[in-house]
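First up is the structure itself, then whatever we jot down about it.
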Amino acid sequence: MEDYTARAVGRVVDELRSARDPGLAIYDEADPEWSDLVESLQFERPVPARWWRMVVARAVHEVPGVQIRSVRDVRIDG
């Protein structure tokens, strides 16, 4: 699991470094977008949202200036 998580963090870091305006949304399993994210990132196994939040927390330490928001806040701001 540690290797799997490290690879996920690496993928997120790579994406953030190549983004013009890096940002991430954190999710809860109740958010409908969660299942879309899991499918789009093609995780090798089912992952809980709390695991994703931990991956995000690790990744942002390697990429300065990343904005982290709740998907609920993003929906409100529209």
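The values are calculated or read from the model by the stated rules, or taken from the named source; none is laboratory data. All figures in this text were calculated on a predicted structure; none of them were measured in a lab. Because the Cβ atoms are built from the backbone with ideal geometry, glycine has one as well, and the counts that use them run over all protein chains shown.
Worth pointing out:
- Among the conditions (1) surrounded by 15 or more Cβ atoms within 10 Å (Cβ to Cβ); (2) at pLDDT below 85, the only one that Arg45 does not satisfy is (1).
- Close contacts from region 51-77, counting a first residue that is over 11 Å from Ile26 (Cβ atoms) and at pLDDT below 90 and a second that is surrounded by 13 or more Cβ atoms within 10 Å (Cβ to Cβ) and among the polar types (S, T, N, Q), with Cβ to Cβ under 8 Å and a gap of 6+ residues or different chains, come to Trp51/Thr5.
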